[in-house]
Amino acid sequence: MNMRLAVLDVGSNTVHLLVVDAHLGAHPWPAHSVKAVLRLAEQIGKDGRLSKTGADSLVASVLEARDAAAKLDTEDLLAFATSAVRDAKNSAEVLARVRKETGVELRVLSGEGEARMTFLAVRRWYGWSAGNLLVLDIGGGSLEIGVGIDEEPVQALSLSLGAGRMTRQFLNGDPPRARDIDALTEFAEDALDQALKTVDITGWEYRIGENDIHANSIGFIGLAAALLGRNTALGVGLASLLFGALINGTSGRQLDPSIFRPDLAGNLTTIIQGLVILFVGLNLGGVWVWLKRRRRA
């Protein structure tokens, strides 16, 4: 069964219409895409309300999107609004006006709902083979975080750390002043520290190109590379490549399941790490003995 659908995404900066041809069990194919820059977040006044100018531009954009979707023979138009409309104190009034003047039901996603939908899109794109995912989506008004191994995230968070919002709140100069950048950095770090206390990424995988690196191996690889590489660019580079190859080579995907048990990959990684730690210890011990003898001489 084939179906042509239109999706309207009303964000803090843009209104994006995407028309896709959807097929049951198949990849959806984009048929039309257009964006309008409205910068709705900048139209929210000090009273927290979306201005009349902002509401007028939103209604006009929704009308254009509705007409474009109709000309392309779409069967349905799904319209969603995120941070800017969600945060406006008069959002209910604005949504009612959009519905009355355009006939489009613009639904507001909660912060958590937006994080969950973003995670689902990433999961569908990368597939199950990507393993555990940590998804960060930085928008104009908010930052969404989703983590999990299934189709639905185990944890979904939304923080008011969007790029546009932070720029307006902290970076007023061009170029911005150093103290403003420091204030922004401190604010963002505090917000992330509080939020990420609930997110457990131990043992999760980060995808870099085609290689998967476990979170609990990153610190080990960095430490061993620095020690064995003698802090030189060439040494650290070679050591990093060595440990990356060792970790990747002992992952479950590199071992033949007909020969090796599934749990052997983790055991091999642990053994290799132990041997490297032993080698590092002996290496450092040798350096210490050499320095001590040199001082006596």
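The values are calculated or read from the model by the stated rules, or taken from the named source; none is laboratory data. Just so it is clear, the model here is predicted, and its values are computed rather than measured. With ideal geometry, Cβ positions are generated from the backbone for all residues, glycine too; neighbour counts draw on all protein chains shown.
Data table
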{"read-out": "Options L184, L159: the member that is touching a Phe, Trp or Tyr at 6+ places or on another chain (Cβ under 7 Å) and modelled with pLDDT of 90 or more", "value": "L184"}
{"read-out": "Of all residues making up the stretch 69-95, the number that are more than 24 Å from G140 (Cα to Cα) and in a helix (DSSP H, G or I)", "value": "3"}
{"read-out": "Residue count, the stretch 96-109 (criterion: surrounded by 19 or more Cβ atoms within 10 Å (Cβ to Cβ) and assigned to a helix (DSSP H, G or I))", "value": "2"}
{"read-out": "Failed item, numbered, when E112 is tested on (1) part of a strand (DSSP E or B); (2) surrounded by fewer than 18 Cβ atoms within 10 Å (Cβ to Cβ)", "value": "(1)"}
{"read-out": "Among the candidates D182, D150, D137, residue that is in a helix (DSSP H, G or I), surrounded by fewer than 20 Cβ atoms within 10 Å (Cβ to Cβ) and either free of Cβ contacts under 8 Å to residues at least 60 places away in the same chain or over 14 Å from the mean Cα position of the chain (by Cα) (or both)", "value": "D182"}
{"read-out": "From the options V15, V20, V34, residue that is in contact (Cβ under 8 Å) with a residue 24 or more places away in the chain, surrounded by 15 or more Cβ atoms within 10 Å (Cβ to Cβ) and in a strand (DSSP E or B)", "value": "V15"}
